[in-house]
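J.: Okay, here's the structure, questions in a sec.
What follows draws every value from the coordinates through simple rules; no lab data is involved. Computed from a prediction, not measured in an experiment: that's the story for all the values here. Positions of Cβ are generated from backbone atoms using ideal geometry, with glycine treated the same way; all protein chains shown enter the neighbour counts.
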Amino acid sequence: MRFSHLEGLSASWVRGFIPVPEADKGPAERQAAVATLLDASKQGYGTILSLKFPYQEEEFPRAGSRLMGAELTRVEKVLRAAMGKVDILTIGNEPFLESQNRGPALNAFYEHVAQHVIAYRKTHFKGHCRTRLYMGALNHLDDPEKQTESTERWLTFVHDTPQIEGVDIHPHVASLADSKKYLDHVVGRLRDDQKFLATEFSLVLLWEQHMADRIPARFAERYDDVDPETRVWQLLKAAVAHPFPQEKWNAFLALSPWFNENRHYLRDQVRQFRETGKLAVATYGVVQADAMVERITAHKKPWMLNSLYATRTVQKHEDGTAGRNQSWFKDFRELQRASDRRPVDTGETPT
């Protein structure tokens with residue numbers, strides 16, 4: 001992602017995350033996500049930094065242990081670089097997906113880290129600080145089986161901790177109805193003065209259901225170089241290998257009913273968020289990242305269909321600008337309000 005991409009979208013907020021172990025590699029302010037957010041902040045963007053704790057292979061350290069002390073030392077390196085400079089610090093990225101233990105040990109770890117962050121902010125910023133604190137992010141809340149004692153404890157901790165201003169959610173779903181299940185579960189559990197973030201959201205689970213479909217017959221008829229027996233995932237793979245002209249990419253999406261019928265999803269989803277009266281910030285994926293286009297199969301989630309810019313599947317335009325997902329691009333720009341314009345100023349919050 002480049003700032004020129006954001007300017008083309010009239011975007012005003014930027015979100016990134018740092019895997020906390022990267023703090024061992026050198027000054028946190030030189031790590032890619034932190035450096036980019038600090039630069040964005042200087043340019044008047046609102047900024048969100050999520051702390052990512054990868055514990056898929058290890059158990060969570062216990063409070064008071066040597067391992068917890070080492071973890072908090074890493075956290076403090078990030079806080080020294082970002083606290084008071086970014087607008088929002090989210091404690092956690094996707095905790096229930098980034099750990100092997102999804103029970104009480106997870107809650108105890110994140111609660112301890114949160115209290116440490118709260119204490120750090122109070123010590124180093126007497127009275128007020130620019131950086132607001134959220135906990136995040138919760139996934140799969142549309143599935144009742146994923147609404148566990150641990151997710152309930154998570155939301156209770158958020159509600160009962162005055163310094164935490166809300167919770168982050170990542171509703172990657174198959175429908176707007178499923179996204180509403182997230183909101184129904186979370187919004188009523190927030191305090192009156194709290195809000196939620198939606199730093200990731202998409203219909204990727206719907207796209208996934210159609211990866212083994214044949215491509216649209218009308219699309220194959222229009223383009224002689226396309227075999228009508230081609231499956232959707234194969235077409236995506238071909239577009240990555242040899243990016244399409246913008247018109248050809250537009251035609252593929254417009255002639256695919258499962259996509260075209262949801263071409264205003266981005267607009268409709270943000271409206272749903274805003275109608276709760278509890279949305280703080282929603283952010284959306286800008287470009288097609290490397291990981292999205294590697295080893296494409298019928299079973300790989302097609303994240304590439306979410307991006308605002310089709311940087312890996314569409315040829316650059318004659319003026320040098322990147323290819324686009326036209327529906328997302330237009331609706332994203334139209335969703336920006338006068339109150340969202342740069343320079344973003346969220347004021348300060350009591351510490």
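J.: In segment 54-101, how does Rg compare with the Kirkwood Rh, expressed as the Rg/Rh ratio over alpha carbon atoms?
T.: 1.02
J.: Still on this structure: Can you give the relative contact order of the chain as a percent, counting alpha carbon pairs under 8 Å and 6+ residues apart? Each step should come with its number before you reach the end.
T.: Numbers: 586 pairs, mean separation 62.2, N = 351.
That works out to 18 percent.
J.: While we're on this one: Give me the net charge of Phe259's neighbourhood, meaning all other residues with Cβ under 13 Å from the Cβ of Phe259; Lys, Arg count +1, Asp, Glu -1.
T.: Once all neighbours under 13 Å are counted, the net charge is -2.
J.: Could you list the GluC sites (Glu not before Pro) in segment 8-59 that lie in coil according to DSSP, counting only those with at most 12 other Cβ atoms within 10 Å of their Cβ?
T.: Glu57, Glu58, Glu59
J.: When the Cα atoms of segment 247-351 are enclosed in a convex hull and the volume is divided per residue, what value in Å³ results?
T.: Values: hull volume 18.7 nm³, N = 105.
It is 178 Å³ per residue.
J.: To continue, here is another question. Pick out which of Arg15, Arg274, Arg337 has the largest mean-square fluctuation in a Gaussian network model of the chain, springs linking Cα atoms closer than 10 Å.
T.: Highest fluctuation of the listed residues: Arg337.
J.: In the chain, what % of DSSP beta bridges are antiparallel (nearest 5)?
T.: So the antiparallel bridges in the chain amount to around 15 percent.
J.: Could you check which residue among Thr151, Thr321, Thr283 shows the biggest mean-square fluctuation in a GNM of the chain with a 10 Å Cα cutoff?
T.: Taking springs between Cα atoms under 10 Å, the residue moving most is Thr321.
J.: If you filter segment 73-170 for trypsin sites (Lys or Arg not before Pro), then keep DSSP loop positions with at most 10 other Cβ within 10 Å, what is left?
T.: Lys126
J.: Rounded to two decimals, what is the ratio between the C-alpha radius of gyration of segment 160-260 and 2.2 N^0.38 Å?
T.: Computed over Cα atoms of segment 160-260, the ratio equals 1.54.
J.: Can you pull a Stokes-Einstein diffusion coefficient for segment 143-192 at 4 °C (1.567 mPa s), Rh from Kirkwood over Cα pairs, as a whole number of µm²/s?
T.: Rounded, D is 111 µm²/s.
J.: At 1.567 mPa s and 4 °C, plugging the Kirkwood radius over alpha-carbon pairs of segment 1-118 into Stokes-Einstein gives what diffusion coefficient in µm²/s?
T.: 86
J.: Right, something else. Would you work out the charge dipole size for segment 51-207 about its Cα centre, treating the Cβ of every Lys and Arg as +1 and the Cβ of every Asp and Glu as -1, and quote it to the nearest 20 debye?
T.: 860
J.: Please name which of Phe259, Leu141, Asn93 has its Cα lying farthest along the dipole of the chain towards the positive end, using unit charges on Cβ (Lys, Arg +1; Asp, Glu -1) and the Cα centre as origin.
T.: Asn93
J.: About the Cα centre of the chain, what is the dipole size in debye to 20, counting +1 per Lys and Arg Cβ and -1 per Asp and Glu Cβ, all else neutral?
T.: 860
J.: Diagonalise the Cα gyration tensor of segment 88-200 and give the resulting equivalent ellipsoid semi-axes, square root of 5 times each eigenvalue, largest first, whole Å.
T.: On the way: eigenvalues 118, 51, 27 Å².
Square roots of five times the eigenvalues give 24, 16, 12 Å.
J.: Using only C-alpha positions, report the orientation-averaged shadow area of the convex hull of the chain, nm², one decimal.
T.: Taking the Cα atoms of the chain, their convex hull projects to 18.0 nm² on average.
J.: Would you mind ranking Asp160, Asp213 so that the residue whose beta carbon has the fewest other beta carbons within 10 Å leads the list?
T.: With the sparsest Cβ surroundings first, the list reads Asp160, Asp213.
J.: Summing -39500 (n - 2.57) over the DSSP H runs of n ≥ 4 in the chain and dividing by its residue number, what mean residue ellipticity at 222 nm do you reach, to the nearest 500 deg cm²/dmol?
T.: Value at 222 nm, helices only: -11500 deg cm²/dmol.
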